[in-house]
Amino acid sequence: MKINAKKMSYEEVLKLPKLKHKKPLKPNGALCALVRVLVEPTLRKIKFSYTTERMELIGKDEPCLILMNHSSFTYMKLAYGIFYPKKTGFITSVDAMSGILGKFMRILGCSPTHKFVTDMSLLKDIEYMLKVNKTNVIMYPEAGYSLDGRTTTLPRKLGVLLKRLGVPVVT
């Protein structure tokens, strides 16, 4: 099989269609409840449990930024198991937000970003989700899978982001 790959010039790259930016949606409560019901059997099957520490420091209606690492696509199920009934939005990669699944994820409160690049609109989206939509935001700052649960190097500017947002951070 022969693949004819053409190297694109800078001008050709600039002509590629750009994604139209959309403000994050507030998660649909009924849909979040439905997802929670659908993930319950999985959580029971794997005997999922968790403990919390110092969560009382976060106000009942106060949104927070949640930093997680993950090893599979079950992270969303686990997050719904932990944080339901609080509305929670996810920062996800653009490639996960395509087609009908992407529309479904937007209604659930997901906001897309490109991995490993500085995305200024993402910073504004996170602020919008926290301060206007009043939803928790789950972010995977490592932007990759952790197969053994250990962390990888975090972005250098993560601390600046956390300070700028001025909301509690949960790990």
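Coordinate-derived values only; no laboratory data. Everything numeric in this text was worked out from a predicted model, so none of it was measured.
Hey, could you pull the Cα Rg and Dmax for the range 40-102, both in Å?
Spelled out, the Cα radius of gyration and Dmax of the range 40-102 are 13.7, 39 Å.
What are the ³J(HN,Hα) couplings of the range 156-168, residue after residue, when phi is run through the Karplus curve with 6.51, -1.76, 1.60 and θ = phi - 60°? Round to Hz, x for glycine and proline.
Per-residue couplings from phi come out as 4, 8, 4, x, 5, 4, 4, 5, 5, 5, x, 10, x Hz.
Rounded if a/c is under 1.5, else prolate if a/b beats b/c, else oblate: with a ≥ b ≥ c from the C-alpha gyration tensor eigenvalues square-rooted, which is the range 86-126?
Verdict is oblate for the range 86-126.
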